[in-house]
Amino acid sequence: MFMHKSVLLYETVDMLSVKKDGIYVDCTLGGGGHAYEVCMRLDKGRLIGIDQDRDAIEAASRKLSTFASKVDIVHDNYSNIKAVLDMLNINMVDGIYLDLGVSSHQLDSIKRGFSYMHDAPLDMRMDMRFKKTAADIVNKYDEARLYSIIKNYGEDIFAKNIAKHIVLNRAKKRIETTGELVEIIKAAIPMRMQVKGGHPAKRTFQAIRIELNAELEVLENSLDRMIELLKPGGRLVVITFHSLEDRIVKQIFRKNENPCICPRDFPICVCKKKVWEEF
């Protein structure tokens with residue numbers, strides 16, 4: 001069973017300022033918790049739910065079955081939001097929201113290989129239709145590339161040593177499971193840091209998951225498109241869980257608030273970038 005507690009449920013839906021006849025897009029449908037609350041506030045409105053995880057699609061379909069007449073559920077990545085809306089003959093919407101990162105269901109599903117707390121195949125795919133897995137990253141990326149993703153996506157100060165240990169160990173035997181990877185990471189981090197720094201594998205697992213599912217790339221490439229799909233007065237709400245996501249969202253929001261790229265000392269705007277008006 002797909003179990004997932006919706007984070008910031010009422011805060012998120014309240015921020016959308018749901019109109020009874022509005023059209024809203026849940027880009028990370030999950031178990032349908034946020035979507036259910038949105039549907040409770042709709043009358044003649046419509047909700048489009050998108051998720052790349054087949055388990056989420058099935059769970060949300062069950063949860064939202066009461067609202068079937070006003071809900072469209074699509075198995076896809078939210079990066080394809082424009083194509084999804086085109087398919088449904090929708091040009092613009094009143095609100096879009098995203099709950100980023102890995103879901104509690106994905107972490108609790110041992111066979112999915114997201115968790116460093118259980119021994120399982122190194123998978124970590126959010127979309128099981130993809131062939132590439134976490135094992136491919138761990139066993140095929142060269143040391144420099146492993147170091148780069150662990151440092152940049154995991155923000156781990158021991159990234160260099162972790163990458164080195166991964167390469168040394170896979171030379172002896174292919175790394176197949178989360179348990180094997182955890183032990184390799186532990187060996188690369190001083191014991192004193194393991195005691196006070198939380199689980200030693202947390203940051204590396206985050207980095208590999210982000211790399212495999214192109215999470216930051218998809219986010220960065222999608223937000224401008226989402227803003228363009230909003231009706232005047234429409235709202236985009238994003239729940240982030242770490243500094244990398246947060247930084248991307250804030251930068252793109254700031255850029256769209258004031259897109260002018262003219263030097264500050266120019267008396268008038270000559271770049272012709274449109275400044276968003278308040279509605």
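Comparing I110, I90, I150 in a Gaussian network model of the chain, where Cα atoms under 10 Å apart are tied by springs, the biggest mean-square fluctuation is seen for I90.
Between M15 and D76, the simple spin-label model (points 7 angstrom out along Cα→Cβ) gives 2.4 nm. Bridging of K255 to aspartates and glutamates at a Cα separation below 19 Å is possible for E217, E220, D224, E228, E245, D246, D265, E277, E278, once same-chain residues fewer than 8 apart are set aside. Amide H to amide H, with H built 1.01 Å from N, V25 comes under 5 Å of I48, G95, I96, Y97, counting only residues 5 or more places away or on other chains.
What percent does the relative contact order of segment 115-213 come to when contacts are Cα pairs within less than 8 Å and at least six residues apart? Can you show the working numbers first?
Numbers: 126 pairs, mean separation 39.2, N = 99.
Value for segment 115-213: 40 percent.
Each of F114, F67, F241 has some number of other Cβ atoms within 10 Å of its Cβ, and from fewest to most they run F241, F67, F114. Per-residue packing, averaged as other Cβ atoms within 10 Å, sorts the ranges 55-66, 184-195, 94-105, 24-35 into the order 24-35, 94-105, 55-66, 184-195, beginning with the highest.
Please identify the GluC sites (Glu not before Pro) of segment 92-194 that satisfy two criteria: DSSP loop assignment and at most 16 other Cβ atoms within 10 Å. Which are they? The partial results should precede the final answer.
On the way: sites: E143, E155, E176, E180, E183; in loops: E155, E176.
When the GluC sites (Glu not before Pro) of segment 92-194 are filtered for loop state and at most 16 Cβ neighbours within 10 Å, E155, E176 remain.
Helix-only estimate, please: 222 nm mean residue ellipticity of the chain, summing -39500 (n - 2.57) across DSSP H runs of length 4 or more and dividing by its residues, to the nearest 500. The partial results should precede the final answer.
Numbers: 13 runs with 127 residues, N = 279.
Calculated at 222 nm, the ellipticity per residue is -13500 deg cm²/dmol.
Computing mean projected area of the Cα convex hull in nm² directly from the structure and comparing it against (i) 22.4; (ii) 14.6; (iii) 17.5 singles out (iii).
Note: relative contact order over the chain, using C-alpha pairs below 8 Å and six or more positions apart, is 17 percent. Listed by chain and number, the aspartates and glutamates placed with their C-alpha closer than 16 angstrom to that of K20 are E37, D43, D94; residues fewer than eight positions away on the same chain are left out.
For the pairs K63/K231; K19/K70; K70/K250; K131/K186; K70/K231, flag any whose C-alpha to C-alpha distance is greater than 22 Å. Before the final figure, lay out the partial values.
On the way: K63/K231 28 Å; K19/K70 14 Å; K70/K250 32 Å; K131/K186 28 Å; K70/K231 19 Å.
In this structure, K63/K231; K70/K250; K131/K186 exceed 22 Å between Cα atoms.
FYI, it's all coordinate maths here, none of it is from the lab. Predicted model, so just to flag it, every value in this text is computed and none were measured. Methodologically, a virtual Cβ is constructed for each residue, glycine included, from the backbone with ideal geometry; neighbour enumeration extends over all protein chains shown.
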